[in-house]
Amino acid sequence: ETFSNASRASMAASGSGAGSHERRNWLVHILYVRREHDACLAVIEEALAEARGLAEYPLYVKALILRQRGAVAESLTLFQAAACLNPQNVCNLKQVGRSLYLLGRHRAALEVYDELLRLSERDWEVWHNRGLCRVYLKQYDEAIEDLMRAKSLERHDATFLQLGAIHALRDNFRAAAEMYLEALEHSPGSAELLTAAGLAYLRLGENDKALELLDASLARDPTDPRTVLAAGSLIQDKPDPDGALLSYRVAAVWAPNSAPLWSNIGMCFYRKERYVAAIACLKRAFFLDPFAWIISFNLGLVHLCTGQAPRDRADLGYISASDVSLTSVPGAISARATRSRADGSDSARRRSAPSGLPIVSDHDFMATH
């Protein structure tokens, strides 16, 4: 949730002397923070029955529990009821905005956050969530302004990550990388920030800097599949298929259904000229994500190498049917991948890349999953 236990505790204690149902607030709070939700709901129902439904804090906590269980629409109704009972409580309005945001009603959520700014103008969370709504409305300039305002009030990793994501969405990877590096100045141990910065430099083509950041992230969280996959793709691009396969072995444990992972594993076997294993891995990747053109491209390339021309035409024909322009996908084919790599004999290399076809890197595909 987007608020602290202290906020809930203060709400629980705020009306403790007015009636018997309000004296249950402390019990509701304790059961909630212990995550004993069924027992908490039982106490809440008793409190609401005594108060004839007019108990602010029980309504508030019941809404939180329902939202965590996926009943977002029902939680919105309860948060709105709590806000009607106490319209000056910013916690109620924040949760109304949050539920509207989760329901995809971003304009309505934006109106709630505008009202919140009149009550609490220097609340970083309000500015942050207001910026998130503007992102979904594709108001990117306004979203950056709101998030920068949130950053000026309090420095939180989430705000920096959102700012970087907006810059990346607009293909401004340099600005995204700078934003992540600024965040790392006050949060140097964040694996998520290190990974985000590494991916930004990967998109910029600065592979050495990207690998440095990704290695630092792996030192803090060696099981993050996205980081392992990114680092493995760089090792694979050296080319070092054996080293990349060691990295992918870790990622496969935590993300066994990742299409980019199996595509990269397949291309490692392709470099080792183990074509049967490569086809098996690429077919699994295709099964997991049949609309990813790069998987069809790689599968067609392997079939072409093995002399299976009919299968090759089917795979590469799928790309044409999908109306994909290879030259229009920025960063999908890295500079190294488009060059012939002489890591074996000339004859072996001609077999690996017949007719001058490039070996496609999955950097872009990986970064967007």
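Quick notes on this one:
- Residue order, fewest to most beta carbons within 10 Å, for 208, 237, 157: 208, 157, 237
- Charge dipole magnitude, Cβ of K and R +1, D and E -1 - region 189-291, Cα centre, debye nearest 20: 400
- Amide H partners (placed H, <5 Å) of residue 221, local residues excluded: none
- Overall form of region 155-220 per C-alpha gyration tensor (a/c, 1.5; a/b vs b/c): oblate
- D_trans [Stokes-Einstein, Kirkwood Rh over alpha-carbon pairs] for region 110-166, 10 °C, 1.306 mPa s, µm² s⁻¹: 146
- In this rough spin-label picture, where each label sits 7 Å from Cα along the Cβ direction, the residue 186-residue 33 distance is 2.6 nm.
- Cross-linked pairs 209/283; 138/283; 209/238; 62/94: Cα-Cα separations exceed 26 Å for 209/283; 138/283.
- R0 of 22 Å, Cβ-Cβ distance residue 77-residue 122: FRET efficiency to nearest 0.05: 0.15
- Hz values of 3J(HN,Hα) by residue in region 267-274 - Karplus curve (6.51, -1.76, 1.60), Gly and Pro given as x: 6, 5, 5, 4, 5, 7, 6, 9
- Only Lys, Arg (+1) and Asp, Glu (-1) charged, at Cβ; region 155-220 dipole about Cα centre in debye: 160
- The overall shape of region 193-252 is oblate: from the C-alpha gyration tensor, with semi-axes ordered a ≥ b ≥ c, the ratio a/c is 1.5 or greater and a/b is no larger than b/c.
- Spin-label model distance (nm) - residue 291 vs residue 209, 7 Å beyond Cα toward Cβ: 3.4
Each reported figure results from applying straightforward, stated rules to the coordinates on display, with no laboratory input. Owing to the predicted nature of the structure, the values given are computational and were not obtained by experimental measurement. With ideal geometry, Cβ positions are generated from the backbone for all residues, glycine too; neighbour counts draw on all protein chains shown.
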